[in-house]
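Only one structure is covered here, and it is reproduced in the block below.
The values are calculated or read from the model by the stated rules, or taken from the named source; none is laboratory data. Quick caveat, the model's predicted, so the values are computed rather than measured. Glycine also receives a Cβ, built like all others from the backbone with ideal geometry; neighbour counts cover every protein chain displayed.
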Amino acid sequence: MYTNYPSTRKPLTSLGGVVKMSSFLVGRYIIIGNTMKKKVMVIGVVAGIACELFFLWGIVKNVSLPLGHHDDIDYGYFLIDHNLKKITALDFAHFWDTRMFYPHTNTLAYGNSLIPQSILGLPVYLATHNTILTANFVILLLFFLSFFSMYLLSFSVTQSPLASIIAGIVYTYNPFIMSHVPQTIEKPHAHVAAATIFGS
């Protein structure tokens, strides 16, 4: 089922070599669709939830409360609130017009629009109509997706659930990321590992 490393490998002497080797690894080792073992998926999901409860318990416990006062998270709450109100009201004609930079129009396009994040949180918003809870849920979801994406990527290379869990923890909950939790809603890192898996 799995292909071994080639017996001879040239040293990676350039960025192009690194990209080629990354493509080789993904192409040879990625396991998706029907060939992915359900046990591996379950382990990844359970580990992801457990890590989130351990590392982000403060957010989980107070999910309906603001994450302090930080420029990025306040701006994120503002954008999520704007997007979800426009979407639920079906007001797409004025979707890009926010209260920023009046009297200019289409001001949502001036920065991070958070449209994908808003769509992820739409079911929660429809159920609760609580912008803070919805945005915090999106942050928790993005952390889970970051862990799970790296878990799958690592497993495709190592075939070891334990090593993949460790890789997911290091990638998702390292000190740099944990010191920038409020910015996660604007700068999620889940897509990096996911793009590596599915983009080649």
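Points worth noting:
- The residues on offer are I119, I49, I43, and the sole one that is more than 18 Å from Q183 (Cβ to Cβ), more than 18 Å from the chain's Cα centre (by Cα), of a type outside the set (S, T, Y) and not in a loop (DSSP other than H, G, I, E, B) is I43.
Results for (1) charged (D, E, K, R); (2) surrounded by 19 or more Cβ atoms within 10 Å (Cβ to Cβ); (3) more than 17 Å from the chain's Cα centre (by Cα), shown as yes or no for each residue.
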residue	(1), (2), (3)
Y125	no, yes, yes
L133	no, no, yes
F148	no, yes, no
Q159	no, no, yes
I165	no, yes, no
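- Contact map, the range 169-180: residues that are touching a residue at least 24 places away in the same chain (Cβ under 8 Å) and β-branched (V, I, T) paired with residues that are buried (at least 17 other Cβ atoms within 10 Å of the Cβ) and part of a helix (DSSP H, G or I), Cβ distance under 7 Å, separation 6+ or inter-chain. Pairs shown: I169/C51; T172/F143; T172/S146; T172/F147; T172/M150.
- Total residues in the range 174-200, condition buried (at least 19 other Cβ atoms within 10 Å of the Cβ) and modelled with pLDDT of 75 or more: 4
- Selection over the range 42-79 of residues that are surrounded by 17 or more Cβ atoms within 10 Å (Cβ to Cβ) and farther than 26 Å from G168 by Cβ gives a count of 3.
- Residues being of a type in the set (D, E) and buried (at least 16 other Cβ atoms within 10 Å of the Cβ) - total across the range 80-117: 2
- Test: residue in the range 129-136 that is of a type outside the set (D, E, K, R), at positive phi, at pLDDT 90 or above and not in a helix (DSSP H, G or I): yes
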